[in-house]
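Have a look at the structure below, then the notes.
The values are calculated or read from the model by the stated rules, or taken from the named source; none is laboratory data. Every value quoted in this text rests on a predicted model; they were computed, and no experiment measured them. Positions of Cβ are backbone-derived with ideal geometry, glycine not excepted, and every protein chain shown enters the neighbour counts. To get the accessible areas, we keep the full protein, side chains included, count just its heavy atoms, and leave off ligands, DNA and RNA. Shrake-Rupley method; radii C 1.70, N 1.55, O 1.52, S 1.80 Å.
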Amino acid sequence: MSIRTLIRGGLVVTASDELHADVLIEDGRVAALAAHGSAAAEAWTADRTIDATGKYVIPGGVDAHTHMELPFGGTSASDTFETGTRAAAWGGTTTIVDFAVQSVGHSLREGLDTWYAKADGNCAVDYAFHMILSDVNERTLKEMDHLVGEGVTSFKLFMAYPGVFYSDDGQILRAMQRGAANGGLIMMHAENGIAIDVLVEQALARGETDPRHHGEVRKVLLEAEATHRAIQLARVAGAPLYVVHVSAEEAVAELAAARDKGLPVFGETCPQYLFLSTDNLEEPDFQGAKYVCSTPLRPKEHQAALWRGLRTNDLQVVSTDHCPFCFRGQKELGRGDFSKIPNGLPGVENRMDLLHQAVLDGHISRRRWIEIACASPARMFGLYPQKGTIAPGSDADIVLYDPHAEQVISAETHHMNVDYSAYEGRRITGRVDTVLSRGELVIDQREFTGRAGHGAFVPRSTCQYL
Ligand code: URP
Ligand code: ZN
Ligand code: ZN
């Protein structure tokens with residue numbers, strides 16, 4: 001039975017507009033918007049009316065970079081699809097795009113089917129997949145075409161992690177050529193992993209084993225160099241390129257230079273690079289391990305360049321790269337050897353709030369908040385306007401956001417399955433109040449009303465910026 005829901009009295013904020021409008025939802029989709037108090041809106045009847053007075057009515061967040069249950073560094077990311085998508089909902093994110101992994105020697109099909117099975121029946125919100133290519137060869141290049149056909153239209157390659165996910169330049173070029181032909185978007189982890197591994201070995205030989213050395217060996221120049229090389233390879237292949245988790249000012253400069261030439265090059269950064277720094281990696285008593293991720297956190301000075309890149313659209317998307325490992329028993333695997341600390345940070349629940357705080361702090365505008373967290377990731381990965389906006393026909397993935405509520409981020413209160421928060425103690429103004437996913441209440445005035453299995457796989461079209 002179809003339930004008609006009316007969201008009344010809020011300020012609808014999308015990437016393009018801010019309107020005092022009521023929103024009518026039917027069959028899980030947005031049916032209409034009308035100015036609040038207008039004759040049209042007053043005439044609407046509904047089975048359920050949600051009062052949004054004093055709240056923003058925003059599209060559900062689209063987090064285009066998560067790693068639920070990722071086996072990595074001798075352990076596995078601690079959020080399952082069930083716990084991770086529930087936490088996403090709590091944080092106002094209603095779509096995740098997770099990375100299915102091809103293992104070396106295995107097909108893309110096997111990797112993707114494993115990820116379908118992990119997610120199926122377990123998710124509170126909708127999900128899609130990118131595919132990590134760990135073994136580029138004739139067979140897997142052909143498989144890319146099939147994946148694009150079934151809605152898995154983006155492929156992550158790694159210039160880092162030799163022996164695990166690493167691809168050499170020849171493999172990267174071939175995958176880019178294939179992407180240029182089949183419409184798949186290549187996503188790049190841009191760090192010179194071969195050089196980094198030499199520096200890791202040398203640091204450990206000098207007895208430099210603490211977490212802060214993770215940041216020191218993964219040098220800014222090696223991110224910038226890899227970003228430059230990835231861009232040139234994409235130019236040679238005639239392919240677009242999306243660089244993930246950009247952290248360094250010099251890497252932003254490479255993207256900006258390419259975009260100034262009119263090249264189809266895109267960049268993503270993450271809250272950890274905008275709000276955290278090498279100061280965190282230096283926290284004593286091995287606490288710095290909580291902040292080990294790659295690319296690494298950078299000195300604070302880089303943050304201004306990232307915010308500027310987001311304002312000038314040299315960076316288009318903020319994703320979380322949510323890849324949580326508990327401090328106890330997981331991050332601790334690297335005591336005495338920073339290279340054994342599993343790489344990754346939790347954050348899927350915090351992104352919308354941190355970026356709202358950035359609005360209040362004057363880094364970005366309110367509409368840009370929605371653009372970089374909802375609309376642009378949806379467009380980048382072929383989900384728009386089904387996701388990422390509030391418009392007639394769009395999925396009714398809608399968040400009622402209280403812009404005045406105060407909160408303190410803490411592992412005590414978060415819903416991610418991880419024993420620490422990277423943002424512990426941080427005060428935020430703004431909080432998610434209510435979340436709908438395809439018209440169903442998932443969070444109702446700060447109470448979880450969703451269920452595992454509501455979230456469905458969403459096949460994607462190709463990048464909509466091309
Ligand atoms: O440290 C990170 N980023 N872990 C997840 C894997 C990746 O490279 O995105
Ligand atoms: Zn990566
Ligand atoms: Zn990642």
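The table below gives the values:
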{"quantity": "Charge dipole magnitude, Cβ of K and R +1, D and E -1 - the range 309-389, Cα centre, debye nearest 20", "calculated": "120"}
{"quantity": "Dipole magnitude of the range 369-466, debye to nearest 20 (Cβ charges: Lys/Arg +1, Asp/Glu -1, about Cα centre)", "calculated": "360"}
{"quantity": "Antiparallel DSSP beta bridges within the chain, as percent of all bridges there, nearest 5", "calculated": "45"}
{"quantity": "Solvent-accessible area of GLU191 with every protein chain in place, 1.4 Å probe, in Å² to the nearest 10", "calculated": "0"}
{"quantity": "P(r) tail fraction, the range 60-380 - alpha-carbon pairs more than 31 Å apart, %", "calculated": "24"}
{"quantity": "Sequence ranges 319-327, 90-98, 427-435, ranked by mean other-Cβ count within 10 angstrom, highest first", "calculated": "90-98, 319-327, 427-435"}
{"quantity": "Heavy-atom SASA rank of TYR242, TYR166 (probe 1.4 Å, accessible area, largest first)", "calculated": "TYR166, TYR242"}
{"quantity": "DSSP-loop trypsin sites (Lys or Arg not before Pro) across the range 202-262, with at most 16 other Cβ within 10 angstrom", "calculated": "ARG206, LYS261"}
{"quantity": "Accessible surface, per residue, of the chain when the full set of protein chains is kept, probe 1.4 Å, Å²", "calculated": "35"}
{"quantity": "Test item: Cα-centred dipole of the range 60-380, Lys/Arg +1 and Asp/Glu -1 on Cβ, debye", "calculated": "600"}
{"quantity": "Residue among PHE81, TYR273, HIS36 farthest towards the positive dipole end of the chain, charges placed on Cβ", "calculated": "HIS36"}
{"quantity": "Förster radius 35 Å - calculated FRET efficiency between THR114 and GLU283, Cβ distance, rounded to 0.05", "calculated": "0.50"}
{"quantity": "Estimated 222 nm signal from helices in the chain, with DSSP H stretches of n ≥ 4 weighted -39500 (n - 2.57), rounded to 500", "calculated": "-9000 deg cm²/dmol"}
{"quantity": "Part-to-part distance (alpha-carbon centres) for the range 1-77 and the range 119-181, which is given in Å", "calculated": "32"}
{"quantity": "Euclidean distance of C-alpha centroids, the range 286-320 and the range 370-449, integer Å", "calculated": "21"}
{"quantity": "Accessible-area order (highest first, 1.4 angstrom probe) of the listed residues HIS214, HIS146", "calculated": "HIS146, HIS214"}
{"quantity": "Relative contact order for the range 343-435, counting Cα pairs under 8 Å that sit 6 or more residues apart, in percent", "calculated": "30"}
{"quantity": "FRET efficiency estimate (nearest 0.05) - Cβ-Cβ, VAL236 to GLU201, R0 45 angstrom", "calculated": "0.90"}
{"quantity": "Relative contact order, percent, the range 60-380 [alpha-carbon distance under 8 Å, six or more residues apart]", "calculated": "19"}
{"quantity": "Close Lys-Lys pairs in the chain, where close means Cα under 15 Å and separation is 8 or more or interchain", "calculated": "4"}
{"quantity": "Dipole of the chain, positive end: most advanced residue of VAL13, HIS322, TYR56 [Cβ charges, Cα centre]", "calculated": "VAL13"}
{"quantity": "Accessible-area order (highest first, 1.4 angstrom probe) of the listed residues LEU345, LEU222", "calculated": "LEU222, LEU345"}
{"quantity": "Positive dipole terminus of the range 115-169, leading residue within TYR116, GLY149, PRO162 (C-beta point charges)", "calculated": "TYR116"}
{"quantity": "Segment ASP47-THR449, length gained on full extension (0.36 nm per residue, minus Cα span)", "calculated": "142.9 nm"}
